[in-house]
Amino acid sequence: MRRIYPDFAYSDAPRAGCWWDETCDICERPAVQGDLRCEVAIVGGGFTGISAALHLAEQGIDVAVLENRYVGWGASGRNGGFCCLGGGMLDNGALEEHVGLSGRKDWRQAEVASIRLVEDLIERFDIDVDRHSDGETQLAHRPKDFAAMQEALAYYDDNYGVQARLTPPADLSAEGLNGGFHGALTVPIGFALNPRKYITGLAAAAQSAGAQIFHDTPATQITRTQNGYSLKTPQGMVTAARVIIATNGYSAEDLPDWLAGRYMPTQSSIIVTRPMTQSELGAQGWTSAQAAYDTRHLLHYFRLMPDNRMLFGVRGGLMATRGSERRAMQRARADFDRMFPAWKDVETPHSWSGMVCIARDRMPFVGAVPDHPGMFASLCYHGNGVAMASYSGALMADLVQDKTPDRVYPSIVQRPLAKFELGRFRRAVMPLAYAGFALSDR
């Protein structure tokens, strides 16, 4: 496999301190041994792949998931647990320029539908995900950002049919949101969850429905055959009529070759405190259980979890080495201390990082891989994959069967991924982009 980061990024090291791993065991599953035949082979055992497997198995399709390490090993088991609106980065003007008014409305409808799908799956399979937060709260890090929030109320009404709520700066402390901000906007859609518990429960449901899930089974080569595809793994060969690529930020340049240069993995890093006392929470004045993020381009995202641990996430390092990982965590801790000075002596024993996946056109791709009959792919959720990846997996289950999806299938995600400039050297643009974002955040 050809990948654009050093081997360190794809090792167990970046997730070694992941808090989620201590909250939920992962079921042991075998690796593929020898030859295996199935109707649909799925490469990747995250939200996309497991959701696709579940929905296929429920329709009686013989499906096998090939996971490089174990279910949820990648971003699906190490993200911040924000089940919220998002998945793409285009604003309404850009959406309408590409796909018109109806296309823009379809995308916004799909954002809401993706959250509803996760809610339905959690309820249907009785998955305990430590759910909390009534929607999501954005916090203004500058006074001018709160002014912009006031104009955003109509946006949420028009696009999502909900009434967002403003919190003036003077009222933040009363709502338990004291972090030096200049106002807040709360959107009553979405919630927070434990992503490892969610993906683990989803995989159990898929397996109960008949899906085969294999651990420690990387697909190292995919070859077109007369009747479909052969997928080479370290200890066997999988033959399938159809293939779904669901590797997102952990994709390879040659699985398939078409993917080369069409996705940009970038790191996001998280630290988690020890459980805090009510006295410590009161000292800072942060007692809200809302899933929150700020208005920076290089945003911070954070939430007080049910056991009073604070999760705090930042955009991570750019080099994906042991040294850059250490520096990213130091930067995360420094930002945490500036935002929550009363907690400067509170330990953060857990820290880890994972890959966010960005598209050149800043929107996900969900569809057939060009010039690869019978192969489909879904990736690039721009740091908001809990809901949108789950939804895209459900879309994949229909598309791989040549069915027109019953769910909203926005035309904007049907466009094949465009190539980044500089090809395999595209990571070189990220330091410049981050520097520009940092300047604009001042």
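Each stretch of four or more DSSP H residues adds -39500 (n - 2.57); spread over every residue of the chain, this sum gives -9500 deg cm²/dmol at 222 nm. Place a point 7 Å from Cα of Ala148 in the direction of its Cβ. Which residues in segment 183-203 have their backbone N less than 14 Å from it? Once the point is set 7 Å along Cα→Cβ of Ala148, 183-185 turn out to lie under 14 Å by backbone N, inside segment 183-203. Highest average first, the peptides 5-16, 157-168 ordered by how many other beta carbon atoms sit within 10 Å of their residues are 5-16, 157-168. Computed from label points 7 Å out along Cα-Cβ, the spacing between Glu28 and Thr321 is 3.8 nm.
As I understand it, the value is the acute angle between the Cα axis of helix 322-339 and the longest principal axis of the Cα atoms of the chain; what does it come to in degrees, rounded to 10? Relative to the chain, helix 322-339 is tipped by roughly 30 degrees. Against the chain, whose longest principal axis is taken from its Cα atoms, helix 195-208 shows a tilt of about 30°. Taking the convex hull of the alpha carbon positions in segment 57-183 and averaging its projected area over all directions gives 11.6 nm². The calculated pair-distance distribution of segment 1-85 uses every alpha carbon pair, bins of 5 angstrom beginning at 0, and gives 3, 11, 19, 22, 20, 14, 9, 2, 0 percent.
Multiplying the residue separation of Arg338 and Ala289 by 0.36 nm and removing their Cα-Cα distance gives an extension gain of 15.6 nm.
When both bridge partners sit in the chain, DSSP labels roughly 65% of those beta bridges antiparallel. The per residue volume of the convex hull around the alpha-carbon atoms of segment 201-283 is 175 Å³.
Between Ala209, Leu259, Thr247, the Cα set farthest toward the positive side of the dipole of segment 208-262 (charges on each charged residue's Cβ, about the Cα centre) is that of Ala209.
Taking amide H as placed 1.01 Å from N in the peptide plane, Gly236 has its amide H under 5 Å from the amide H of Gly34, each at least 5 places away in sequence or on another chain.
Relative to the longest principal axis of the Cα atoms of the chain, helix 385-399 runs at roughly 30 degrees.
What the Cβ-Cβ distance of Gln278 and Leu101 gives, at R0 = 51 Å and to the nearest 0.05, is a FRET efficiency of 0.55.
P(r) tail for segment 255-297: Cα pairs beyond 13 Å make up 77% of the total. Peptides 344-354, 79-89, 181-191 ranked from most to least packed give 79-89, 181-191, 344-354, packing being the mean of other C-beta atoms within 10 angstrom over each peptide's residues. For segment 273-329, the C-alpha radius of gyration divided by 2.2 N^0.38 Å, with N the number of residues, is 1.35. Once the Cβ-Cβ distance between Arg224 and Arg37 is put in as r, and R0 is 22 Å, what FRET efficiency do you end up with, to the nearest 0.05? Once the sixth-power term is evaluated, E becomes 0.85. Compactness of the chain is given as radius of gyration and Dmax, 21.1, 68 Å, from Cα positions. Figure legend: label point modelled 7 angstrom from the Cα of Thr239 along Cα→Cβ; residues of segment 35-58 with amide N under 15 Å from it are 35-41.
Read the figures in this text as sums done on the coordinates, not as results from a lab. Model, not experiment: these values are computed from the prediction. Ideal geometry is used to build each Cβ from the backbone, glycine not excepted, and the neighbour counts take in all protein chains shown.
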